[in-house]
Amino acid sequence: MNQFKVKTLENGIRVIHQPVSNSKIVHCGFALDIGSRDEKPHQVGIAHFWEHMAFKGTKKRKAFHILNRLDSVGGELNAYTTKEKIFFHASVLEQYLDKAMDLLVDITFQSIFPERQIEKERQVILEEMAMYKDSPEDDIQDQFDEVIFSDHPLGNNILGTEESLKSFTRNHFLDFLEENLDTERTVFSIVGDISDKKLERYVKKYLEPITHHKRKRERVLFEIYQPKTLNFNKEISQSQCAIGTTAYPIHHPKRLAFFMLVNILGGPGMNSRLNMALREKYGFVYAIDAGYHPFTDTALFSIFFGTDPGQLPKSIMLVKKELKKLQDKSLGSLQLHVAKQQLMGQLAMAEENNMSYMLMLGRSLLDKDKIESLDDLFAQIKQISAKDLQDTANEIFNDDRLSILTYKAKRR
């Protein structure tokens, strides 16, 4: 790929287009540099609630017409919220791209937040919260954010709290958009087999008329991390465990080396060190994953697994043992080569998913003001040394930096 074209409109919106051939589907959407961390204390959960309400009425469409607009032509309309981003996106046959762009502009910038729909959607989100609460493996991930980031907005549950959800009125949504919606921090990305001429016509028709919005960023930086160990007894059949700490932010020069290190430790490959140590050798877990989620000013490194209550202490010990190995012993030349090849292969396969690639384009342009091609990434990966990996392990994996959260089940 990597033939993308970027254009900045007079209203500040950046449009990035990645042409692809031999695909009848076009994927497109808005990436907004707004997330749950931008909420004030009385707004916790409103970014995600807005994502829901965008589908519930605009100045020219009611909820049914929004939901039916693309469904009726076999397309898909979706959205999601993260700590730092909100995405509204669609996938349609190429001949219906104009419908998709018209609708995306409408729900992103013209929502009216009908009070009746707010009441209905409030209950939907409360049910969503209850669903995650009933899933210990999901709930512990939400709670671990709070353990790591404590009273900082990054520690808040994206869904909010029951109390905050019940307090929101139409004016709360209008205030949040007025405070945060910034067209200069908005990207419209599109991946598909569409001509420049046709896209230019649609951009002129749908995107250029959007009113320019410029807002001052007042994001609270995360500065102080205090490791914690917390244990809770739960009425569940399998104990759950989260282990982790803070790590390098998005722009840190060691970010890619740490990403490779986490991939070696607990990435999607069945040959990850944690999978080999806990599942293949002892059968203690069904799944164990390590993740690295960088933000603008910090990051979350985390390991999650579930196990039999009687195996929990030994499982934690084995995880720490694998972390210590990466600190104490550098990778051999063959191990380093395999790790690089594996990561490059995973990145290349991810780029083959056009929808995921479209979302990545928007996110990367907001975070870095540029798109790193696969060739660029491969060149950087090839430069990573065994010492680079060991140095990052010694900076991040120290035992006195680790936080641990466990949900202890009754013994089987």
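Read-outs throughout are calculated quantities, based only on the coordinates presented, and are distinct from any laboratory measurement. Everything numeric here is computed off the predicted structure, so don't read it as measured data. Positions of Cβ are generated from backbone atoms using ideal geometry, with glycine treated the same way; all protein chains shown enter the neighbour counts.
For the chain, the share of DSSP beta bridges that are antiparallel, to the nearest 5, is 80%.
The lysines whose alpha-carbon is closer than 26 Å to the alpha-carbon of residue 329, local same-chain residues fewer than 8 away aside, are 254, 281, 314, 320, 321, 340, 382, 387. Under 15 Å of direct C-alpha separation, and excluding same-chain neighbours fewer than eight residues apart, residue 368 reaches these aspartates and glutamates: 33, 84, 184, 297, 376.
For the stretch 284-305 versus the stretch 219-275, the spacing of their alpha-carbon centroids is 3 Å. Summary value for the chain: 22 percent relative contact order, contacts being C-alpha pairs under 8 angstrom separated by 6+ residues.
What's the local net charge at residue 247, with K and R +1, D and E -1, over the other residues with C-beta under 13 Å away? Net charge in that neighbourhood comes out at +1.
If we count other beta carbons within 10 Å of each Cβ, what is the order of 28, 241, fewest first?
On the way: 28 26, 241 23.
The most exposed by this proxy come first: 241, 28.
Would you mind calculating the relative contact order of the stretch 227-348 from Cα pairs under 8 angstrom and at least 6 residues apart, reporting the percent as a whole number? Can you show the working numbers first?
Values: 147 pairs, mean separation 35.2, N = 122.
It comes to 29 percent, rounded to a whole number.
Of the residues 328, 391, the one with the fewest other Cβ atoms within 10 Å heads the list, and the complete ranking is 328, 391.
Taking the average, over residues, of other Cβ atoms within 10 Å as the packing measure, peptides 106-113, 333-340, 216-223 rank 106-113, 333-340, 216-223 from highest down. Take every Cα pair under 8 Å whose residues are at least 6 apart in sequence, average their separation, divide by the length of the stretch 107-215, and the relative contact order is 27 percent. What fraction, in whole percent, of alpha-carbon pairs in the stretch 5-207 exceed 25 Å separation? Roughly 41 percent, rounded to a whole number. Sequentially through the stretch 391-405, phi angles give Karplus couplings (6.51, -1.76, 1.60; θ = phi - 60°) of 4, 5, 4, 6, 7, 9, 8, 4, 4, 6, 9, 7, 9, 10, 10 Hz, Gly and Pro residues having no value and appearing as x. A crude spin-label estimate for the pair residue 120 and residue 214, with each label 7 Å from Cα along the Cβ direction, gives 4.0 nm. For the stretch 103-117, the Karplus equation 6.51 cos²θ - 1.76 cosθ + 1.60, evaluated at θ = phi - 60°, returns couplings of 5, 4, 4, 4, 6, 7, 10, 10, 5, 10, 6, x, 4, 5, 6 Hz by residue, with Gly and Pro reported as x.
With +1 on the Cβ of every Lys and Arg and -1 on the Cβ of every Asp and Glu, and nothing else charged, how large is the dipole of the chain about its Cα centre, in debye rounded to the nearest 20? Provide the component values of the computation, followed by the final result.
Values: 56 positive and 57 negative charges, 91 e Å.
I would put it at about 440 debye.
Any idea how many Lys pairs in the stretch 77-236 come in under 16 angstrom at the alpha carbon, given 8 or more places apart or on separate chains?
Details: 99/198; 99/204; 99/205; 120/166; 133/234; 197/205.
Summing the qualifying lysine pairs gives 6.
Note on the chain: with a GNM built from Cα contacts shorter than 10 Å, the maximum mean-square fluctuation among 139, 289, 151 falls on 151.
Between the stretch 111-190 and the stretch 35-91, the C-alpha centres lie 11 angstrom from each other. Cβ crowding within 10 Å ranks 282, 96 as 282, 96, fewest other Cβ atoms first. Dividing the summed helix terms, -39500 (n - 2.57) for each DSSP H run of n ≥ 4, by the number of residues in the chain produces a 222 nm estimate of -13000 deg cm²/dmol to the nearest 500. With R₀ set to 22 Å, the beta-carbon distance separating residue 73 from residue 195 gives a calculated FRET efficiency near 0.65. Here the Kirkwood formula, the inverse mean of 1/r across different C-alpha pairs, assigns the stretch 40-89 a hydrodynamic radius of 12.1 Å.
As an equivalent ellipsoid, the stretch 301-412 spans semi-axes of 32, 21, 14 angstrom, where each value is the square root of five times an eigenvalue of the C-alpha gyration tensor, largest first.
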